[in-house]
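Novice: Shown below is the structure under consideration.
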Amino acid sequence: MKYVKCNKDHYYDADQYTSCPYCGGSAQVNETVTFYDQSDDAKTTPLGFGTPNPTVPLNNVVPGVTMPLDNDDDQKTVFLDDMPGSKAPVVGWLVCTEGSHKGEDYRLTVGKNSIGRGPDMDVALTGEATVSRDKHAIIVYEPQQNMFLAIPGDAKELFYLNGDVVLSAQKIVKGDRIKVGQVELMFIPCCDEGFTWA
């Protein structure tokens with residue numbers, strides 16, 4: 001299947017339709033759109049689109065696709081980063097320039113990204129005794145204003161941004177250096193004035 005989005009933000013299978021079946025521009029507009037493996041008909045739910053009472057298995061609904069219900073176009077799209085088990089899109093990176101993890105990079109995603117030596121941290125600097133285990137520092141990406149912030153974590157240890165201690169939220173930009181313990185991390189944004197995932 002090859003999913004494409006029309007100019008009204010509908011997703012449809014381009015291998016099956018030459019134009020969006022929801023906008024009425026396809027000769028097959030009254031046919032059922034198949035979004036699932038038909039061999040799994042055990043767990044199904046009526047969706048009310050295409051032919052009367054078509055069914056789609058609950059466990060095989062395609063994430064990131066708006067399913068029209070009763071021709072209501074005011075539905076919300078479930079984005080892939082909101083689906084359980086999906087990988088959120090990267091918004092930036094921290095690259096280790098000093099310390100035992102030198103040369104390694106760490107993905108940043110929307111919201112709070114915790115830095116610590118614990119394996120469950122977003123930026124896990126395992127084996128770095130000078131770094132607090134949990135939330136030594138936090139890097140935040142705020143998508144509404146498309147900006148990055150460095151904020152203190154829950155640890156009593158301090159961290160530094162370009163040599164200055166961080167005691168409250170500080171805006172960070174490309175190339176800024178964050179020092180936690182004996183580790184230095186350089187910030188590289190993916191989302192900036194030229195690009196966002198919105």
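Novice: Could you run through the stretch 142-166 and say how many residues are within 28 Å of the chain's Cα centre (by Cα), over 20 Å from Pro189 (Cβ atoms) and in a loop (DSSP other than H, G, I, E, B)?
Specialist: 3
Novice: Filter the stretch 94-134 down to the residues that are more than 14 Å from Ile178 (Cα to Cα) and basic (Lys, Arg) and list them by number.
Specialist: Answer for the stretch 94-134, where residues must be more than 14 Å from Ile178 (Cα to Cα) and basic (Lys, Arg): Arg107, Lys112, Arg117, Arg133.
Novice: Same structure again: Go through the stretch 113-137 and give me each residue that's among the β-branched types (Val, Ile, Thr) and surrounded by fewer than 22 Cβ atoms within 10 Å (Cβ to Cβ).
Specialist: Result: Thr126, Thr130.
Novice: May I ask you to list the residues in the stretch 172-185 that are of a type in the set (A, V, I, L, M, F, W, C) and either over 12 Å from Tyr160 (Cα atoms) or touching a helix residue (DSSP H, G or I) at 6+ places or on another chain (Cβ under 6 Å) (or both)?
Specialist: Going through the stretch 172-185, the residues of a type in the set (A, V, I, L, M, F, W, C) turn out to be 172-173, 178, 180, 183, 185.
The answer is Val173, and nothing else.
Novice: Is it the case that the stretch 101-113 has a residue that's modelled with pLDDT under 55 and either in contact with a Lys or Arg (Cβ under 6 Å, 6 or more places away or on another chain) or aromatic (Phe, Trp, Tyr) (or both)?
Specialist: So far as the stretch 101-113 goes, no, none of its residues is modelled with pLDDT under 55 and either in contact with a Lys or Arg (Cβ under 6 Å, 6 or more places away or on another chain) or aromatic (Phe, Trp, Tyr) (or both).
Novice: Still on this structure, please answer the following. Between Ser132, Ser114, which is over 20 Å from Val90 (Cβ atoms), in contact (Cβ under 8 Å) with a residue 24 or more places away in the chain and of a type in the set (S, T, N, Q)?
Specialist: Of the residues listed, the single one that is over 20 Å from Val90 (Cβ atoms), in contact (Cβ under 8 Å) with a residue 24 or more places away in the chain and of a type in the set (S, T, N, Q) is Ser132.
Novice: Going through the stretch 170-190 one residue at a time, which ones are part of a loop (DSSP other than H, G, I, E, B) and either among the basic types (Lys, Arg) or surrounded by 13 or more Cβ atoms within 10 Å (Cβ to Cβ) (or both)?
Specialist: Lys174, Asp176, Gly181, Gln182, Cys190
The values are calculated or read from the model by the stated rules, or taken from the named source; none is laboratory data. Nothing here was measured: the structure is a model prediction, and the numbers come from that model. Please note: Cβ atoms are built from the backbone with ideal geometry, for glycine as well, and neighbour counts cover all protein chains shown.
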